[in-house]
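Below: the structure, in structure tokens.
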Amino acid sequence: MKIMVVAPYYAPQVGGLENYALNVVQALIAQGHEVVVVTSGTGNSPGVIRLRAWLKASNTPVNPLWYWQLKRLVGRERPDVVMAHTPVPFIADLAARAAGSTPFVLIYHNDLAKDSGVQKAIVAAYWRLLGHGTLERADRIVTTSERYATTSSFLKQYSAKVDVIAPGVDTRRFHPQVDTSAVSQPDRQVVLFVGSLHRSHAHKGLDLLMRAVAELHAENPRVQLVVVGRGDGLPEYRSQAANLGLDVTFTGFVADEDLPAYYAAADVFVLPSTNMAEGFGMVLLEASACGTPVIGTNVGGIPAALQTVGSSNLAEPRVDSIAQQLRKVLASDEKPAPVTSTWDDAARRTEQSLLAARRPRIALIHNMIAPYRLALFRELAAEVNLRVFFTQGAGKDRLWQASVDGNSFDARVLPSAMLGPVALNPGGFRRLRRSRFDALITNTDPDTAPLSLAGLLLARLRRRPVVVWSEVTDDVVRSVPLPVPGLARLVRGYRRLFLNRATVVLAFSEAARTYLSDFAGKVVRTHQVVPPELLPPAQEQPSRDGRTFLYVGYLTDRKNVDLLIRAFQELTDPRARLLIAGSGPRENALKLRAGSDTRISFLGYVDGQRKAELFSASDVLVLPTRHDCWGLVVNEAIHYGLAVIVTAAAGASELIDDARGVVVPSEDQAALTAAMAGLIADPAALRAVQNKNLNSPDVSDVRSAVRAMSQAVRQALA
């Protein structure tokens, strides 16, 4: 694999980001990858291209020409993947945009955290103008700890594409047996700090550490603070030490080969950082590998680093807390556990992230967050880099609760305004464009029309394939009432546009495949399923009486529950019962229709465990719909072992044969009554149907549904 690494600074410059980049690059090369490094500076060396910076603003190298230079380099080098390091702004942001269609991985070391009001305003402007766009464009984001991934306010919203890879340590250099004779102070208790002394790195917290050591020095004059590092803040630190009456050893710059001796000679190492700008703290690993106890503050990724080395010496970023931890460690004979995390390990895991970034990018447009779809998307995301754009959070007639949090696919619930049933998504086109999709999946439903049309246009401009899924059937097309003359023709034209432009069409039912007969050459059949996690087992197993009919769903004209009530009331069996679970605009009218028939009960909306208990206590599900693209309640009923009566106008009727229930014509009250009477007239036959249906795997097999979707994607990309 050819990898282009883009970093603001690189060796021989010293720093946490620079050391991380260098060690991973060296390990990737050792594993057989070809790596070219692009960084700021002057003078090139083998494998490293340096781009001149026009200026440096607060440690950030800047050159407006870098975008075009990076774009030219990507075109010339033709890397398989571009990997850029942040938080130093600008060059990583330009690399994300210059990468074009090349997979892009962002190594996110830490937040761009600042303390002053002006700095915070600048950071906010950066995130608004560049930062969020860079995170959106990234195919994978690598950060150093799970804690940082979940506590960073910037990373949390991209959690689906975040990989956690802890830094390593070179145990050949950093080990307890290193020669310390040149730097040891056997008559002192040495407290060591290693880090940048630049004013821009004040978050390292050296000022807190000096005040804490001053407290200890007053109690024990043998305590000696040694500070390794250089920077423009050194005069201020020297002045602070003098004001505290503290004799601090400032070593200045220490070469890499000499640093292990300082670690090993110390009695304790402290990283007293003060904010989220500390993404991990590799110095904690290095010191620990040299056999030195370590103390860190409870900010950023430091707690994860301490956990990695088995240390419980966690202080709050306050003088008193740091002093307390120092007293504890210096009074003990604590020795850290051996460090086993190596750069080879980090490089192998980085390689997996790079390979994941190279999977096809799929943008999928969906109307609302539907619980039964989320499992399909999660399964599909195991094979592709999936980004789902929900044009609305939940439909106004949907009472279910669903969230996209914690899913393995990248989900974007877009801000929306509704124009009738159609979702308008300001900013949706920009989000879609940033996704740099290799293929688009959308549907033919008008409720997502604005964003779907934008996606179709982008796909055409970028010459990307389009997969169109369709649940539409002839019954649906004929039955949808449209208030404006000519609107039906417009909707049909809209659907034909997508079907004509589609590379592959996914049909979710046999009825949909029949409707799509004009496009037979590019139709792939998939399946409608209810994921197992939405089918909890019933806690109680009541004995079924063989006479309980159940309806579960919305109480609307389309569902035709009026017909069900009339058909049920034709049954003469006084022990028969009809349970109606659901809510909707027809509820009051249906209660009037039921009248004084005490055999009919209205239960209101049910979900989750309560629905599982209801299914398990019933005998026959009835779905009397005038038209349904599918009808997932049929899948649920089969799973829980109910016989099913469904009209032919439901796509799910294809699941029902004589061994599972009865299919009746839509609007046929006599046929519905006969089917209901027939099932309760023969208890043995009903029990056989129920036993056959119970736990049938086909109605909840997510893998089979995703297999067809994967086939459609592969076919489109071929």
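Bear in mind these aren't lab numbers, they're just calculated from the coordinates by the rules spelled out. Owing to the predicted nature of the structure, the values given are computational and were not obtained by experimental measurement. Don't worry about glycine lacking a Cβ; one is built from the backbone with ideal geometry, like all the others, and counts go over all protein chains shown.
Sorting the segments 549-562, 667-680 by their mean number of nearby beta carbons within 10 angstrom, highest to lowest, gives 549-562, 667-680. Could you tell me which of Leu499, Asn443, Ile362 has its Cα farthest along the dipole of the chain towards the positive end, charges placed at Cβ (Lys, Arg +1; Asp, Glu -1), taken about the Cα centre? So the residue we want is Leu499.
Beta bridges from DSSP with both residues in the chain: antiparallel share about 10 percent, rounded to the nearest 5. Counted residue by residue at 0.36 nm each, then reduced by the alpha carbon distance between them, the extension gain from Asp682 to Ser696 reaches 2.8 nm. Label separation (Arg496 vs Leu55): 5.9 nm, computed from points 7 Å beyond Cα along the C-beta direction. Where only DSSP H runs of four or more residues are counted, the chain gives -11000 deg cm²/dmol as its mean residue ellipticity at 222 nm, each run worth -39500 (n - 2.57). A straight Cα-to-Cα reach below 12 Å connects Lys591 with the aspartates and glutamates Asp562, residues fewer than 8 places away in its own chain not being considered. Here Arg172 and Arg199 are evaluated by their C-beta separation; at R0 = 35 Å the FRET efficiency comes out at 0.50.
Ordering of 138-146, 318-326 by packing is 138-146, 318-326, highest average first (other Cβ atoms within 10 Å, averaged per residue). When Rg and the Kirkwood radius Rh are both evaluated on Cα atoms of the stretch 170-224, their ratio Rg/Rh stands at 1.05. Peptide packing for 216-224, 376-384 was compared via the average number of neighbouring C-beta atoms within 10 Å per residue; ordered from the highest value, the list is 376-384, 216-224. Relative to the current alpha-carbon distance between Arg238 and Arg222, full extension at 0.36 nm per residue lengthens the span by 3.8 nm. Only one item in (i) 77, 74, 49; (ii) 107, 74, 70; (iii) 101, 55, 46 matches Cα extents along the principal axes in Å derived from the coordinates shown, and that item is (iii).
Need one word for the stretch 535-700: rounded, prolate or oblate. Basis is the Cα gyration tensor (sqrt eigenvalues a ≥ b ≥ c); a/c below 1.5 gives rounded, then a/b vs b/c decides. Rounded shape, in that the Cα axes give a/c under 1.5.
Taking a ≥ b ≥ c as the square roots of the Cα gyration tensor eigenvalues, the stretch 359-525 comes out rounded, since a/c falls below 1.5. Beta bridges assigned by DSSP with both partners in the stretch 359-525 are antiparallel in approximately 10 percent of cases. Any chance you could give the angle, 0 to 90 degrees and rounded to 10, that helix 343-357 forms with the longest Cα principal axis of the chain? For helix 343-357, the angle is close to 40 degrees. Rounded to the nearest 10 degrees, what's the angle between the helix 319-330 long axis and the longest principal axis of the chain, both from Cα atoms, 0 to 90? Tilt relative to the chain: about 70 degrees.
For Gln13 and Ala589, a Förster radius of 51 Å and the Cβ-Cβ distance give a FRET efficiency of 0.10, rounded to the nearest 0.05.
Relative to the longest principal axis of the Cα atoms of the chain, the long axis of helix 449-462 lies at roughly 60 degrees. Computed extension length for Glu316-Ala121: 67.5 nm, one decimal, from 0.36 nm per residue of separation with the Cα-Cα distance subtracted. Kindly identify the stretch 122-206 as rounded, prolate or oblate by the Cα gyration tensor criterion: order the square roots of the eigenvalues as a ≥ b ≥ c, call it rounded if a/c is under 1.5, otherwise compare a/b with b/c, prolate if a/b is larger, else oblate. Because a/c hits 1.5 or more and a/b exceeds b/c, the stretch 122-206 counts as prolate.
Could you tell me which of the pairs Lys71/Lys161; Lys120/Lys161; Lys120/Lys204 are separated by over 20 angstrom between their Cα atoms in the structure shown? Violating the 20 Å Cα-Cα cut-off are Lys71/Lys161; Lys120/Lys161.
Using only side-chain charges placed at the Cβ, +1 for Lys and Arg and -1 for Asp and Glu, the dipole size of the stretch 535-700 relative to its Cα centre rounds to 360 debye. From the largest down, the stretch 242-336 spans 33, 31, 27 angstrom on the principal axes of its Cα atoms.
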